[in-house]
Amino acid sequence: YNIRIHNKHKIDILETLIESVDVIPNSIVIAQAANESGWGTSRFAKDFNALFGEYTFDINNGVEPIYRNNGEKYLIKFFATVNDSVRSYFKNLNTHPAYKDLREKRKQLRKNNLELDPIILVQHLKYYAKDKNYVKTIESIIRVNKLTQFDRIITVTTKS
């Protein structure tokens, strides 16, 4: 998570770390995965385990979108497993400067002992996609599909 620890007190390090590894509500994760992967039908989801449409400029870690505008250089990250895609998504939201406001809002909600309201938090995902209606789309997916019912689920385990 690239936490700077030099000349910092342990308490400050822990506070920064906790801020960077806190929960992202399941409803947001599901809604973004559904939207970014075409509900699991996209070429990126099926062939490259990429559920979240994460950009990269690393040719060793990305695949070129078929419908990329001329002059654009970004690629879509690909993954060995779906778990790797989810792990990367969490790290992205919890570390990238574009989502600092999301982390700050989450921290504020925690500090005030309030639930992590996904509709409040998604307001801070406006930089996730080029689409100016992206936040409204994610909100709609959460509401229409009643995804907040999954926010209280902490872990899902299966027998191997």
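Note: the stretch 41-107, Cα convex hull, 109 Å³ per residue.
Show that you can apply the helix-only estimate: for the chain, add -39,500 (n - 2.57) for every DSSP H stretch of four or more residues, divide by all residues, and state [θ] at 222 nm to the nearest 500. Computed ellipticity for the chain at 222 nm equals -12500 deg cm²/dmol. Across the stretch 57-71, coupling constants 3J(HN,Hα) worked out from phi with the 6.51/-1.76/1.60 Karplus curve, θ = phi - 60°, read 10, 8, 5, 7, 10, x, 10, 6, x, 5, 9, 8, 5, 4, x Hz, and Gly and Pro carry x. Couplings for the stretch 92-107, taken from phi via the Karplus curve 6.51 cos²θ - 1.76 cosθ + 1.60 with θ = phi - 60°, read 4, 5, 8, 9, 5, x, 4, 10, 4, 5, 4, 5, 5, 5, 4, 4 Hz in order; Gly and Pro are left as x.
Charging the Cβ of each Asp and Glu at -1 and of each Lys and Arg at +1, and nothing else, the dipole of the chain about its Cα centre rounds to 200 debye.
Per Stokes-Einstein, at 25 °C and 0.890 mPa s, what whole-number D in µm² s⁻¹ belongs to the stretch 1-152, with the Kirkwood radius over Cα pairs as the hydrodynamic radius? The estimated diffusion coefficient comes to 148 µm²/s. Which FRET efficiency value, to the nearest 0.05, do you get for residue 4 and residue 153 by plugging their Cβ-Cβ distance into 1/(1 + (r/R0)^6) with R0 = 25 Å? FRET efficiency, residue 4 to residue 153: 0.15.
In nm, give the distance between the simple-model label positions of residue 58 and residue 143, each being 7 Å from the Cα along the Cα-to-Cβ direction. With each label point 7 Å from Cα toward Cβ, the separation is 3.8 nm.
In this rough spin-label picture, where each label sits 7 Å from Cα along the Cβ direction, the residue 69-residue 11 distance is 4.9 nm. Axis of helix 10-20 versus longest Cα principal axis of the chain: the two differ by about 40°, to the nearest ten degrees. Here the dipole of the stretch 1-40 is about 180 debye; that uses its Cα centre as origin and unit charges on the Cβ of Lys and Arg (positive) and Asp and Glu (negative). Per residue, the solvent-accessible area of the stretch 35-160 (1.4 Å probe, heavy atoms of protein chains only, all protein chains present) comes to 68 Å². Expressed as a whole percent, the accessible area of the stretch 81-156 that falls on carbon and sulfur atoms is 53 (1.4 Å probe).
Rounded to whole numbers, the Karplus 3J(HN,Hα) couplings from phi for the stretch 32-49 are 5, 4, 4, 5, 6, 9, x, 6, x, 9, 5, 4, 5, 5, 6, 9, 10, 6 Hz, using 6.51 cos²θ - 1.76 cosθ + 1.60 with θ = phi - 60°, and x at Gly and Pro. Using a simple spin-label model with points 7 Å from Cα along the Cα→Cβ vector, what separation in nm is obtained for residue 131 and residue 41? It is 1.4 nm. Taking amide H positions as modeled 1.01 Å from N, with prolines and chain starts lacking one, the residues under 5 Å from residue 62 and 5 or more places away or on another chain are 78.
The values are calculated or read from the model by the stated rules, or taken from the named source; none is laboratory data. Here the structure is a predicted model, which means the values were calculated and not measured. Every residue, glycine as well, gets a Cβ built from its backbone with ideal geometry; the counts of neighbours run over all protein chains shown. The protein model used for the area step is the full one, side chains on, heavy atoms only, and it has no ligands, DNA or RNA in it. Shrake-Rupley method; radii C 1.70, N 1.55, O 1.52, S 1.80 Å.
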